[in-house]
Structures are given as structure tokens and as C-alpha cells.
Amino acid sequence: MPEKIQIKNDKLIVPDNPIIPFIEGDGIGPDIWAASQRVIDAAVKHAYQGSKKIEWLEVLCGEKSFKDSGEWLPEATLETLRSHLVGIKGPLTTPIGGGIRSLNVALRKELDLYACVRPVRWYNGTPAAILDPNRVDFVLFRENTEDVYAGIEFENGSDESKKIIELMEEFGQAKKIRFPESSSFGLKPISKEGSIRLFDAALNYALENNRQSVTIVHKGNIMKFTEGYFKKWTYAHAEEHYSDRVFTWAQYDRIQEEKGTEAANSAQDKAVKEGKIIIKDVIADAFLQQILLRPDEYDVIATMNLNGDYISDSAAAAVGGIGIAPGANINYISGHAIFEATHGTAPKYAGQDKVNPSSVILSAVMMLNYMGWKEAADLIESGLEKAIFNKKVTYDFHRLMDNATLLKCSEFGDEIISKF
Ligand code: NAP
């Protein structure tokens with residue numbers, strides 16, 4: 001009997017026949033979803049010999065929903081996602097005009113999906129932008145609900161902007177605004193609670209998956225009270241609540257100041273030998289350079305919304321591009337999670353059965369792991385890796401590979417299934 005996934009005592013309860021809502025997506029979404037769903041169902045059937053099966057439930061959102069009901073994101077869709085906890089989606093068109101800036105952002109806000117999780121690793125054979133992509137294997141945790149994405153902006157010349165200029169005069173800050181008359185303004189809220197819950201998600205992932213470090217990526221050198229506090233709060237939280245399992249660079253700095261560099265180095269070496277996780281930090285611009293030059297120094301990343309947005313696409317390019325980059329938006333406290341393609345709707349390829357379905361397929365791998373269905377997840381991941389290694393790929397990889405076989409979107413799905 002199909003049943004809902006539930007959460008009890010902070011643990012996800014996944015029945016053998018869970019109902020999982022899906023949003024097919026716009027543009028290339030239907031092609032990708034059709035291929036992905038076949039791969040997921042075949043993997044589950046193969047891994048569990050019929051003892052487990054997903055009951056798919058379509059929910060409407062985006063263009064398909066707008067055509068059906070005049071609503072981009074109906075309340076019924078939100079309610080279904082809310083009550084079923086786990087869902088998966090294809091890419092969605094960003095509505096032009098109207099009240100919704102982005103359907104993805106709206107979904108994340110409505111369900112308070114505060115952690116955007118993006119694993120970045122290389123699959124053998126994938127054409128990549130860096131010389132040695134095998135050295136890339138990290139998981140990005142991007143805060144999803146705060147920062148400039150809060151959507152609080154005031155247009156130049158508006159009454160609100162004029163009031164902001166008046167307020168800045170009162171605060172003695174007005175001279176810092178170079179051209180006040182024509183300036184628009186945006187707000188960047190970063191809170192202690194928001195920072196810590198994101199960091200906890202990253203650190204718990206690191207602890208559960210035997211990772212060696214968590215890197216806080218920030219621009220605290222410039223934005224001292226927002227990004228700077230993200231760093232301060234998370235370092236302090238790690239030291240207060242995980243002191244037996246972590247060693248932080250803030251601790252290193254204190255030891256260095258009191259006892260010198262040698263003592264700080266030996267304290268860090270001891271922590272590494274004891275299997276503690278190193279909590280370090282790096283400025284965002286330096287980080288973007290280092291993930292191309294020295295990617296093996298990074299493991300789990302914790303960062304704020306805008307940094308995370310830039311990092312995720314740039315990092316994806318290093319190992320093969322957004323066609324193969326999976327993602328999830330998760331609230332680890334309520335259990336709500338939506339797994340999704342990280343690319344857009346690529347409308348020029350819609351309906352051509354042409355594009356790479358890997359982004360949704362690998363998002364499904366994340367979903368199956370989240371549900372504890374690791375055997376099915378592993379089957380898909382290794383099938384996909386074999387297909388790429390054998391150079392049986394869609395157009396995006398085909399144009400970058402010598403002597404590859406060009407497959408359609410659906411054929412790539414079949415190729416994965418044939419490897420189970
Ligand atoms: P896009 O849809 O991501 O497409 C940009 C380019 O990326 C495509 O032309 C294609 O490059 C490549 N690409 C994307 N998906 C691919 C796939 N599955 N396989 C192979 N190549 C792929 O970005 P966009 O054209 O800027 O945005 C179109 C719409 O999507 C907009 O409405 C945007 O707001 C929305 N969007 C939605 C999401 C989301 O739902 N998560 C994310 C981003 C954008 P080539 O042409 O070079 O092959």
C-alpha cells in the first residue's frame with residue numbers, strides 16, 4: 001500500500017512503497033523527467049527485486065500549472081510537498097512580471113528549505129574544464145533563506161530609497177553612497193540562527209561521511225557584520241558544541257598567538273591524527289581560484305546564499321558543467337527536501353529528446369541516499385559513470401569528446417539501465 005514518508009523523533013521513516021511527488025518541469029523538463037523516472041524505477045526494481053517501489057505523484061508548478069489553472073505555484077502543490085516531505089523536480093521557468101520572482105526561491109522559502117546541498121565530483125571520462133578533475137570531490141552547503149536573496153530591494157528614486165538616504169544621513173553614513181539620487185538599495189540579512197543551522201547541516205554531513213574538513217567561505221573582510229559574523233558564529237558554535245570532534249583555525253590562531261607557530265601546527269597535527277574534523281575558512285574570491293588550482297584541499301563547504309550560487313556553477317563547470325550537476329534543498333529539522341536539476345529549462349531544446357538528463361538523475365541518487373535506499377542510488381551512479389566512460393553520451397559531452405557515440409536524452413537513460 002502506498003504511504004507517505006514521515007519524520008519521527010528526528011528520523012525519516014520511509015515505507016517500502018513511498019508516495020513521492022514530482023514536478024516534471026518546463027522546457028526540457030518533460031524529456032529529462034521521462035528518462036530519469038525510468039532510470040529510478042529500474043534501479044529500485046533491480047536493487048530490491050520488487051520489495052520496494054516508488055509511487056509517483058505528479059504535482060503542478062510552472063508553465064504546466066499556469067496553463068491549467070492560471071497559477072504558477074498552486075497552494076495544492078505546496079500542501080502536497082509539505083505533507084509528503086520528500087519531492088523531486090525538473091527545471092522551472094522564471095515567470096516574467098507578476099508577484100513571483102522565482103518559483104525555485106518561492107518553494108525554498110515556503111518549505112523553509114534552508115540548506116542547498118550540491119555535491120561536486122568528477123565522473124571518469126567526463127570532459128572537464130580543469131586539468132586534473134579527479135582531485136575534485138566536495139559537497140557544497142549553501143544557505144538558502146537569507147542574504148540578498150531575501151528579496152528586499154528598493155528601486156532608485158522610490159519613496160523608500162529616499163527614506164533610506166534620509167536614514168543614512170541620520171546614521172552619518174550618507175557620504176558613503178557615491179551617487180545617492182540614482183542609487184537603488186538592497187538588504188542583506190544574515191542571522192545567527194540561519195548561519196548555525198546551515199553550518200550544523202554541513203558539519204553533520206562531514207561527521208557522518210568521514211570527511212576531513214569543513215571550510216567556511218565568506219567575504220567577512222569586507223562585509224564584517226554579515227559575512228564576518230557568519231564566520232564568527234559558526235567557529236564559536238563548532239568549538240562550543242563539537243569540541244571533542246573538531247579543531248578550528250580560530251583555535252589554531254589562538255595557540256599561535258600564545259605559544260607560537262610550532263605549537264599551533266602540532267596541535268593541528270594531533271587533531272588530524274585523532275580523526276577530528278578541521279574547521280577552516282577562506283575568503284570567497286580566493287576560494288574560487290583555489291577550487292580550480294588546488295581543489296583537493298576542500299571537502300565540505302559551508303557558505304551563504306550569494307557566494308554559494310556563484311560557487312556551485314563554477315565548481316560544476318570544473319567537473320563537466322551544469323548538465324551533470326545535482327542539487328537538493330533540505331530542511332534537516334523538519335525533514336522536508338526537494339531534489340532538483342540545477343540547470344534551467346533550456347527552452348531552445350524543449351521537446352527534442354536531446355539534452356543531458358544527468359542533473360536530475362544524480363539528484364535522484366541524492367534523494368535515494370536521503371531515503372536510505374543506498375543500493376539503488378549506487379546502481380544508478382555506477383551505471384551513469386560507465387555510460388560516460390564508454391563515451392555513450394548526449395550532445396553536450398559528445399561535442400567535447402573524440403570518437404564518442406551520440407545518444408538522445410532517452411537513450412542515455414536506457415544506457416544507464418543496461419549497466420545495472
Ligand atoms: P539554462 O536553461 O540552464 O540553459 C543554458 C544553457 O546551458 C543551455 O543553452 C545549454 O547550453 C546548457 N544546458 C542547460 N541544461 C542542460 C542539459 N540538461 N543538458 C545539456 N546542456 C544544458 O539557462 P537559461 O537559458 O539562462 O534559463 C532558461 C530558463 O530557466 C529561465 O526561465 C531561467 O530563469 C530558468 N532557470 C531555472 C532554474 C531551475 O529551475 N532550477 C535554474 C536556472 C534557470 P548549450 O546551448 O551551450 O548547449
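Just so you know, all these numbers are worked out from the coordinates, no wet-lab data involved. Computed from a predicted model, the values in this text were never measured in an experiment. Here the Cβ is made from the backbone with ideal geometry for all residues, glycine too, and neighbour counts use every protein chain on show.
Across q = 0.14, 0.18, 0.24 Å⁻¹, segment 154-262 modelled as identical point scatterers on its alpha-carbon atoms has Debye log10 I(q)/I(0) values of -0.73, -0.92, -1.33, in the order of the q list.
When the alpha carbon gyration tensor of segment 298-420 is reduced to an equivalent ellipsoid, the three semi-axes, largest first, read 25, 18, 14 Å.
What percentage of all Cα-Cα pairs in segment 199-328 are separated by more than 18 Å? Of all Cα-Cα pairs in segment 199-328, 57 percent lie more than 18 Å apart.
Mean projected area of the convex hull spanned by the Cα atoms of segment 40-154, taken over all viewing directions: 11.2 nm².
When the charge dipole of the chain is built from unit charges on Cβ atoms (+1 for Lys and Arg, -1 for Asp and Glu) and taken about the Cα centre, the candidate among I40, G87, T77 whose Cα reaches farthest toward its positive end is I40.
Excluding D26 itself, what net charge comes from residues whose Cβ is under 15 Å from its Cβ, given Lys and Arg +1 and Asp and Glu -1?
Local net charge: -3.
In angstrom, the C-alpha Rg and Dmax of segment 344-395 are 12.9, 37. The string of couplings for segment 376-384 from the Karplus curve (6.51, -1.76, 1.60, θ = phi - 60°) is 5, 4, 5, 4, 5, 4, 6, x, 5 Hz, one whole number per residue in order, with x for Gly and Pro.
Between the alpha-carbon centres of segment 124-190 and segment 195-232 there is a gap of 18 Å. Model label points for A286 and M223, set 7 angstrom from Cα along the Cα-to-Cβ axis, are 1.9 nm apart. Dividing the Cα radius of gyration of the chain by its Kirkwood radius returns 0.99 for Rg/Rh. Sorted into 5 angstrom bins from 0, the C-alpha pair distances of segment 246-302 split as 4, 17, 24, 20, 19, 14, 2 percent. For segment 291-307, putting each phi into the Karplus relation 6.51 cos²θ - 1.76 cosθ + 1.60 with θ = phi - 60° gives couplings of 5, 8, 9, 9, x, 6, 7, 10, 10, 10, 10, 10, 8, 8, 4, 5, 3 Hz, in residue order, rounded to whole numbers and with x for Gly and Pro.
Computed over segment 260-367, the Cα gyration tensor eigenvalues convert (square root of 5λ each) into semi-axes of 35, 17, 12 Å, ordered from largest to smallest.
Count charges around V44 for me, please; just the other residues with Cβ under 15 Å from its Cβ, Lys/Arg as +1, Asp/Glu as -1. Charge balance in the 15 Å sphere: -1.
Distance from the alpha carbon centroid of segment 30-96 to that of segment 346-413 works out to 18 angstrom.
For a modelled paramagnetic label at N369, 7 Å from Cα along Cα-to-Cβ, the residues of segment 141-155 in reach, with backbone nitrogen under 13 Å, are 141.
Helix-only arithmetic for the chain: the sum of -39500 (n - 2.57) across DSSP H runs with n ≥ 4, divided by the residue total, places the mean residue ellipticity at 222 nm at -13500 deg cm²/dmol.
How much of the DSSP bridge set in segment 243-371 is antiparallel, in percent, rounded to the nearest 5? Percent antiparallel among DSSP bridges in segment 243-371 is about 60. Amide H to amide H distances under 5 Å link Q212 with no residue, where only residues 5 or more positions off or on other chains count and H is placed in the peptide plane.
For the listed residue pairs K192/K270; K354/K419; K64/K89; K4/K53, the alpha carbons are over 24 angstrom apart in K192/K270. With a cut-off of at most 16 other beta carbons within 10 Å, and DSSP calling the residue loop, which chymotrypsin sites (Phe, Trp or Tyr not before Pro) in segment 1-100 qualify? Please list them. Answer in residue order: no site qualifies. This model, with +1 at the C-beta of Lys and Arg and -1 at the C-beta of Asp and Glu, gives the chain a dipole about its Cα centre of some 560 debye.
DSSP beta bridges fully contained in the chain are about 40 percent antiparallel.
Spin-label model, D16/E181: points 7 Å from Cα along the beta carbon direction are separated by 7.5 nm. The HN-Hα couplings worked out from phi for segment 67-84 by the Karplus form 6.51 cos²θ - 1.76 cosθ + 1.60 (θ = phi - 60°) are 5, 6, 10, x, 10, 6, 9, x, 4, 4, 5, 4, 5, 5, 5, 4, 7, 9 Hz, whole numbers, x standing for Gly and Pro.
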